[in-house]
Amino acid sequence: MSYVVDSFKQLIGLTLERPTPEQQSPEVREIYLAKSKERLGKKQLHAIEDAHAATRKRHKWRRRRWTTLIVINLLFVVSYHFDVQLVEGAMTASRVVGFHFADLNAALQVMLAYKHVVRNLLIGTATVLVLWWLVGGRTFCSWCCPYHLLAEWAEALHLKLAARHWARDIKFHRGVRPVFYVIFAVLTAASGYTVFETISPTGIVSRALIYGPGLALLWVAALLLFEIFVSRRAWCRYICPIGITYGVVGLFSPVRVQYNVRSCHHEGDCRKVCLVPHVLDITIKGRARKAQVEVAADCTRCGLCVDVCPTGSLTYKVKGLETML
Amino acid sequence: MNEQSSRKPAKKAQSPVRRAQNRREFLRTVGLTAGMVGASLMGLVPVLARTNTRLRPPGAIKHLLNEQEFLAACIKCGQCVQVCPVEAIKLSDLLDGVGVGTPHIEARAQACDFSCDGLQCVLACPTGALAHTIDYPAQSRMGFARLARPHACLARQGKGFKGQARGADFPGKLRYAEVDRWKPIPVADHPYDLDLCDLCVRQCPIEIRIAECAAGTPPSGDPNQCPPRHAIALEPLPGGGKRQGPVVKDGCVGCGVCEMICPAEPAAIVVDIDKTTSIPV
């Protein structure tokens, strides 16, 4: 239960408090105590990181994830252009070999605007809800959303430029994302128009891929430029309501990333690559409450932390399934 | 928003530097919120102001220029685009001012000729923005044809028409049942040779169905396909002679085929979207 509550707090932008020793399990206290006695030097840490970076594991999950994301989006394109009817429609709503699928956030917007739900939309929404509940909620963001991939490439450019002080990373308050969520919901219900869809880069990029580019891509370009020069991953971190919608689904999803305190060296590489680094605050020394902690639902299950961790302290897990992925 | 100071007063006091940082972050965040909401409303303004309206696919839940319900219900997935055999439906872009990602039809470029017979776009729509309450072409209410430039009409001048209706380069398609029952072909591949130009009547999908029904062969053998009323007819002009003029009847559903096929440039007959037949669906 505390997983759901804590995850939800993080979803709406709150920062979790550092646990007091009484809130920590005896096991994790003992681990931290042992770690304070034998500290690894910088040299040793770098040696371990370098050894890990040389392995094929370094980008294992990113490889799988990018492949999945590209294949999913190509399925839409191929289905239309070659009329194979596998995945008809766009990311907002589609028919997958005939079955209705509707993006949860787009469907919610339509329900708020139209205030009437037809059966097909209900079926499509329920199907997608069950699907993303099974695979992890915000898994949609990192494994499916076409804007996410563009933003990842923009982020790589941002990091290069920022290292030379050519780009800044202005931080905003994470609490603004739920504020956007409420504003868009209220605007949609009040105006009877799906206001968010007008600026949603997910929908715009998906439609541009399938039906050909349009001027709406200029908006997406503006967002990417903002992320490159002004604020790292600003759209996904501070604005996008789709992330919250799927994050809520993820609260109850069995697919999570698990953090193992014992093997962790606390060097912080995972938080540097993470889209939502607040979910990895538990990897800071002294922050975990138990020896094994499940990363909160705001996590997109992208696996960048799993890839970067030189000690294998972060792993995918399916709750209730003994075998690790 | 400034959670450190407002939510947890029990916590130790912040340094002035930290407070100033929090204050700046708060102001930045307010700026971001205003900017984003402003951007999203920019897309709403032309839609609410109805500065621009377009022909929508059959079954769109709208009443004349009031598209409020249609815009509310459309999820912008383009499934209607994908199923249309003549590719009449296009998704609107940023500057069209009719809702980014919503479907519309440019009748002059490619009209809906109902060559799918079964209103495939309506069947494909996942949200009911194209209402499943209609089953047959004659039940759709997209607009209403009007002879906007009578002087340009060839029939009214008593002229015939020979050749490709819209020239050799026109990419638009129609289904000619006598050529291929299932596959629409380019209009350019189907030249005409008419003593008196009657293209708007000849190609009217409603009139074609009425003729099929009269011959005892309604589409798919389904008598429900038969339109109850005529949509357009050529009628002699006073003054006699060869001259005749197209008259739009109240069976017209506004599909736009007459506007597309009209060989006059610009088209003599157009589809108005602020009017539909007075016969309810």
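Bear in mind these aren't lab numbers, they're just calculated from the coordinates by the rules spelled out. All of these numbers come straight from a predicted model, not from anything done at the bench. Cβ coordinates were reconstructed from backbone atoms using ideal geometry, including for glycine residues, and neighbour counts include every protein chain displayed.
Within 10 Å of the Cβ of each residue in B:119-127, the mean number of Cβ atoms contributed by other protein chains is 4.
Based on alpha-carbon atoms, the Kirkwood radius and the radius of gyration of the range B:100-201 give Rg/Rh equal to 1.01.
For the residue pairs A:9/A:160; B:162/B:183; A:37/A:319; A:319/B:76, the C-alpha atoms sit more than 30 angstrom apart in A:9/A:160; A:37/A:319; A:319/B:76. Where does helix A:201-211 land angle-wise versus the long Cα axis of chain A, in degrees 0 to 90, nearest 10? Taking the Cα atoms of chain A, the angle to A:201-211 is about 50 degrees. Taking the inverse of the mean 1/r over every pair of distinct Cα atoms in the range B:205-281 gives a Kirkwood hydrodynamic radius of 14.1 Å.
The order of B:70, B:161, A:99, going from fewest to most other C-beta atoms within 10 Å of their C-beta, is A:99, B:161, B:70.
What separates the Cα centres of the range A:25-68 and the range A:171-187 is a distance of 35 Å.
Packing order of peptides B:176-186, B:110-120, highest average first: B:110-120, B:176-186 (average count of other Cβ atoms within 10 Å over each peptide's residues).
What the Cβ-Cβ distance of residue A:316 and residue A:43 gives, at R0 = 30 Å and to the nearest 0.05, is a FRET efficiency of 0.45. Neighbouring Cβ atoms from other chains, within 10 Å of the Cβ of residues in A:96-103, number 1 on average. Of the residues A:91, B:42, the one with the fewest other Cβ atoms within 10 Å heads the list, and the complete ranking is B:42, A:91. Can you give me the Cα centroid spacing of the range A:1-19 and the range B:92-152 in angstrom? Going from one Cα centre to the other spans 49 Å. By the Cβ rule of 4.7 Å, chain A holds the following cysteines without a possible disulfide partner: A:141, A:144, A:145, A:236, A:240, A:264, A:274, A:299, A:302, A:309. With Rh defined as the Kirkwood radius, the inverse of the mean 1/r over Cα pairs, the Rg/Rh of the protein assembly as shown is 1.09.
If only the Cβ of Lys and Arg carry +1 and only the Cβ of Asp and Glu carry -1, the dipole of the range B:202-266 around its Cα centre is close to 220 debye.
Think of the range A:180-325 as a dipole: +1 on every Lys or Arg Cβ, -1 on every Asp or Glu Cβ, centred on the Cα centre; then among A:231, A:203, A:191, A:231 lies furthest on the positive end. Note on the range A:167-325: with charges restricted to the Cβ of Lys and Arg (+1) and Asp and Glu (-1), its dipole about the Cα centre is near 420 debye. Cβ crowding within 10 Å ranks A:172, B:170, A:140 as B:170, A:172, A:140, fewest other Cβ atoms first. Only helices enter the 222 nm calculation for the protein assembly as shown: every DSSP H run of n ≥ 4 contributes -39,500 (n - 2.57), and dividing by all residues gives -12000 deg cm²/dmol, rounded to 500.
Rounded to the nearest 20 debye, the dipole size of the protein assembly as shown about its Cα centre is 3300 debye, using +1 on the Cβ of Lys and Arg and -1 on the Cβ of Asp and Glu. For the pair the range A:248-262 and the range B:245-273, the centres of their Cα atoms are 61 angstrom apart.
Seen against the Cα atoms of chain B and their longest principal axis, helix B:16-49 is set at about 10 degrees.
Computed from Cα atoms, the angle from the helix B:205-214 axis to the main principal axis of chain B rounds to 50 degrees.
The orientation-averaged shadow of the Cα convex hull for the range B:56-155, equal to a quarter of the hull surface, comes to 7.2 nm². With point charges of +1 on the Cβ of Lys and Arg and -1 on the Cβ of Asp and Glu, referenced to the Cα centre of the range A:1-96, which listed residue (A:76, A:52, A:13) lies farthest in the positive direction of the dipole? The residue sitting farthest along the positive end of the dipole is A:52.
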